[in-house]
């Protein structure tokens, strides 16, 4: 009786129309402990790959093409292309074994997705070494893919659970806020000044918590492309002036100052104005709250290619280069010395990145510790509205953690 715990030998597909070649390869592979399956033409090789899911394929280049739509001299290349094109078989390594020794044939093999190339008559030891090497690489790749799949499943379960909990928290928290407001207004009886101060503090903390819940839910909606953009023309100068005006009272409280500079060539662009304003507000919030001294902000806009480039610069504490990418990650926060501690969900810059990319733009930072920060937002004049946020690996960053 076979050992149930013993792993099965790797299965290798050998495709060649010359019986003597097939017999030689089978003898060599079986002596090395591999199981084999054979095919004598292109269509049967493709069918065997999809049906048997071998761990590795050894293909002759020249064999009957059947209905594959290529000449017999190119059959192996077409079989390889079909194997690599299908997600079910794309990670199966392919070795071409052929009597052809032309450089152009090797190039065609690489272009078809082949992993190795042996010329007849092949050396038995070389064949064994290359088969073992490719099988080890496939095993490592499969293990990595399996780990990534499990990680994605765990992340989805975590995110779904978080969204469910957060959504369920919103209703009772709204009731708490309403009750606190009624207490402060004296609806349940007169309250003393110390009691009113305590109620006010509880209201502030509850509003912070409600804002955090809204942050989490909105980031989730953008990530899942469940948010639609209300596009309209936006003038860069008017946008920046409006932002500074709206932040005027807060600037006075924090003793902050701001200046606006808009180049004559800064174009009107199409965007969801409310979302873009929130992006700038997050950056301004960061600059104001994460500095131990009154901060000065420079907001500017100019033409850049087929769009507009905004810059939000401050003379705050700055961010070390090693954190420029971290701060755009969900819940990514950076603990900076000598800066005031403020409530932060670590979602503000995630929101900024998702909104900008949803508009087809990009956002990044230039900053150094102790030398302030400059944040750049590049937006197209006429954005291609994407089905979801972009997943490119553009280097993006922003200020220290924000709400």
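Just so it is clear, none of the values below were taken in a lab; they were calculated from the coordinates. Since the structure is predicted, the reported quantities are computational estimates derived from the model, not experimental observations. We place every Cβ from the backbone using ideal geometry, glycine too, and count neighbours over all the protein chains shown.
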**OP:** Enumerate the residues in region 54-78 having an amide nitrogen under 15 Å from the point lying 7 Å beyond the Cα of residue 107 toward its Cβ.
**Re:** none
Original post:
Shape call for region 11-122 from the C-alpha gyration tensor, a ≥ b ≥ c root eigenvalues: rounded (a/c under 1.5), prolate (a/b greater than b/c) or oblate?
Top reply: rounded
Original post:
Full extension from residue 86 to residue 374: what is 0.36 nm times the residue separation minus their Cα-Cα distance, to one decimal in nm?
Top reply: 99.1 nm
Subject >> Inter-probe distance in nm under a simple model that places probes 7 Å from Cα toward Cβ, at residue 136 and residue 176 >> reply: 5.7
**OP:** Just check region 72-157 against the gyration tensor rule for me: Cα atoms, a ≥ b ≥ c as the square roots of the eigenvalues, rounded for a/c under 1.5, and otherwise prolate or oblate depending on whether a/b exceeds b/c.
**Re:** oblate
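Please give the contour-minus-distance gain from residue 322 to residue 268: 0.36 nm per residue of separation, less the Cα-Cα distance, rounded to one decimal in nm. Kindly include the intermediate steps, with their values, before the conclusion.
Working: separation 54, 0.36 × 54 = 19.44 nm, distance 3.48 nm.
Extending this stretch completely gives an extra 16.0 nm.
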**OP:** Apply 1/(1 + (r/R0)^6) to the Cβ-Cβ distance of residue 51 and residue 168, taking R0 = 51 Å, and write down the FRET efficiency to the nearest 0.05.
**Re:** 0.60
Original post:
How far, in nm, would the chain grow between residue 260 and residue 27 when pulled straight, counting 0.36 nm per residue and subtracting the alpha carbon separation?
Top reply: 76.0 nm
Original post:
Tell me, what is a quarter of the convex hull surface for the C-alpha atoms of region 62-206, in nm² with one decimal?
Top reply: 16.5
Original post:
Where both partners of a DSSP beta bridge lie in region 232-380, what percent of those bridges are antiparallel, to the nearest 5?
Top reply: 80
Subject >> Simple label model, 7 Å out from Cα along Cβ direction - residue 145 to residue 210, nm >> reply: 4.9
Original post:
How long are the semi-axes of the ellipsoid equivalent to region 232-380, from square roots of 5 times the Cα gyration tensor eigenvalues, in whole Å, largest first?
Top reply: 24, 18, 14
Subject >> Label point 7 Å beyond Cα of residue 157 along Cβ direction - residues of region 130-150 with amide nitrogen under 17 Å >> reply: 146-150
